[in-house]
Amino acid sequence: MKILVAIKQVPARDSLLFVEPPGQWIDENDLGYEVNEPDAYALEEALQLKEKHGGEVVALCAGPERVSSTIREALAKGADRAIHVDEENLGAWDTLSLARLLAKAAETEHPDLILTGLQSDDLGCGQTGVVMAELMGLPHATLVMSVDVEDGRLRVKRELEGGWFQNVSMPLPALLTIQSGISRLRYATLMGIKRAKTKEVRKLTAAELGVAPAPGISLRRVYLPHGTKQTQMLTGSPQEQAAQLVEKLKHEVRAI
């Protein structure tokens, strides 16, 4: 079974963020970068399926030259080879254009299964995987918590609202968006890091795939949130104050 995993490189979570002068995006000059965490879980799920059922795992990543570090990490963890869609300015691509780009690259591999993370840590749209599936005419499922392959079909467990789950049977080929936290992420071993240097990384461009950005949305302004302080006095008896505090912690703070 050939499994293709779409991964994205995003700013590291511990990076200090500054808005660039035009105010339309963050200043990327001094940022550190890492693999998008939901995509890391998608990669882990692909590697576990490969260990159970055989086949190969192909990592797909679009972006400038700096995404090579993210690709190497995927190869070091166990991906067999990778595709790098070399595109210098992904900021000019909206969700639909980017999904077209990734779908065209994925179609060159004819995979049995495509996995993506649920959403990206930087923009958080949660749309790219689903749009890819629609463009490729593939059955798809989101918020996937577990994947089993039985008799050439998929059986997936989806997370719903309110603590409910849904079990779905699907044909192959298919596309799944993986929920974060479904398994424990593995670390790249020293041997894996050495092997990654010899694994194939195929480079493609948007021009070769016949796709161009056609932004349907644009960011008008990006700004850092300003923290504010507010004091609320609870009145009534101690029992009434305790009940009010619990309600606020539940519904306003969402701490319990």
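(1) touching a Lys or Arg at 6+ places or on another chain (Cβ under 9 Å); (2) free of Cβ contacts under 8 Å to residues at least 40 places away in the same chain; (3) assigned to a loop (DSSP other than H, G, I, E, B): which one isn't true of residue 138, the others all being true?
Every listed condition holds for residue 138 apart from (1).
Going through 204, 219, 209 one at a time, which residue ends up being in contact with a Leu (Cβ under 8 Å, 6 or more places away or on another chain) and either over 30 Å from residue 79 (Cβ atoms) or surrounded by 10 or more Cβ atoms within 10 Å (Cβ to Cβ) (or both)?
Being in contact with a Leu (Cβ under 8 Å, 6 or more places away or on another chain) and either over 30 Å from residue 79 (Cβ atoms) or surrounded by 10 or more Cβ atoms within 10 Å (Cβ to Cβ) (or both) holds for just one of 204, 219, 209, which is 209.
Please find, among 73, 34, the residue that is in a strand (DSSP E or B), within 24 Å of residue 190 (Cα to Cα) and of a type in the set (Asp, Glu).
Criteria check complete, one pass: 34.
Hey, among 87, 107, which residue is touching a helix residue (DSSP H, G or I) at 6+ places or on another chain (Cβ under 9 Å) and either among the β-branched types (Val, Ile, Thr) or surrounded by fewer than 18 Cβ atoms within 10 Å (Cβ to Cβ) (or both)?
Numbers: 87 fails: either among the β-branched types (Val, Ile, Thr) or surrounded by fewer than 18 Cβ atoms within 10 Å (Cβ to Cβ) (or both).
The unique qualifying residue is 107.
Condition check: within 18 Å of residue 198 (Cα to Cα), in contact (Cβ under 8 Å) with a residue 12 or more places away in the chain and in contact with a helix residue (DSSP H, G or I) (Cβ under 7 Å, 6 or more places away or on another chain). Does residue 60 satisfy that?
For residue 60, the condition - within 18 Å of residue 198 (Cα to Cα), in contact (Cβ under 8 Å) with a residue 12 or more places away in the chain and in contact with a helix residue (DSSP H, G or I) (Cβ under 7 Å, 6 or more places away or on another chain) - is met.
Please count how many residues of region 200-245 are among the β-branched types (Val, Ile, Thr) and in contact (Cβ under 8 Å) with a residue 12 or more places away in the chain.
Residues flagged as among the β-branched types (Val, Ile, Thr) and in contact (Cβ under 8 Å) with a residue 12 or more places away in the chain within region 200-245 amount to 5.
Criterion first (surrounded by 14 or more Cβ atoms within 10 Å (Cβ to Cβ), under 28 Å from residue 1 (Cα atoms) and of a type in the set (Phe, Trp, Tyr)) does residue 33 satisfy it?
The answer is no for residue 33.
Starting from residues that are in contact with a Gly (Cβ under 9 Å, 6 or more places away or on another chain) and hydroxyl-bearing (Ser, Thr, Tyr), keep the ones in region 36-82 and report whichever is surrounded by the fewest Cβ atoms within 10 Å (Cβ to Cβ).
Among those that are in contact with a Gly (Cβ under 9 Å, 6 or more places away or on another chain) and hydroxyl-bearing (Ser, Thr, Tyr), it is 41.
Among the numbered criteria (1) under 26 Å from residue 142 (Cα atoms); (2) at pLDDT below 95, which one does residue 3 miss?
Here residue 3 clears every test but (2).
Considering each of 87, 73, 65, 56 in turn, give the residue that is touching a strand residue (DSSP E or B) at 6+ places or on another chain (Cβ under 8 Å), closer than 13 Å to residue 211 by Cα and among the charged types (D, E, K, R).
87
Say we look at region 169-200 and pick out the residues that are among the hydrophobic types (A, V, I, L, M, F, W, C) and surrounded by fewer than 16 Cβ atoms within 10 Å (Cβ to Cβ); which of these is nearest to residue 106 (Cα to Cα)?
So, considering only residues that are among the hydrophobic types (A, V, I, L, M, F, W, C) and surrounded by fewer than 16 Cβ atoms within 10 Å (Cβ to Cβ), the one nearest to residue 106 (Cα to Cα) is 172.
Sort through 185, 160 and tell me the only one that's without any contact (Cβ under 8 Å) to a residue 60 or more places away in the chain and within 20 Å of the chain's Cα centre (by Cα).
Values: 185 fails: without any contact (Cβ under 8 Å) to a residue 60 or more places away in the chain.
So the residue among 185, 160 that is without any contact (Cβ under 8 Å) to a residue 60 or more places away in the chain and within 20 Å of the chain's Cα centre (by Cα) is 160.
I'd like the full set of residues that are in contact with a helix residue (DSSP H, G or I) (Cβ under 7 Å, 6 or more places away or on another chain) and of a type in the set (S, T, N, Q), limited to region 180-212.
Once the filter is applied, which keeps residues that are in contact with a helix residue (DSSP H, G or I) (Cβ under 7 Å, 6 or more places away or on another chain) and of a type in the set (S, T, N, Q), region 180-212 yields 180, 183.
Which of the numbered conditions does residue 100 fail, given that it passes all the others? Conditions: (1) charged (D, E, K, R); (2) within 18 Å of residue 217 (Cβ to Cβ); (3) without any contact (Cβ under 8 Å) to a residue 12 or more places away in the chain.
The single condition residue 100 does not satisfy is (3).
The values are calculated or read from the model by the stated rules, or taken from the named source; none is laboratory data. Just so you know, these numbers come straight off a predicted model, no measurement behind them. Backbone-built Cβ (ideal geometry, glycine too); neighbour counts: all protein chains shown.
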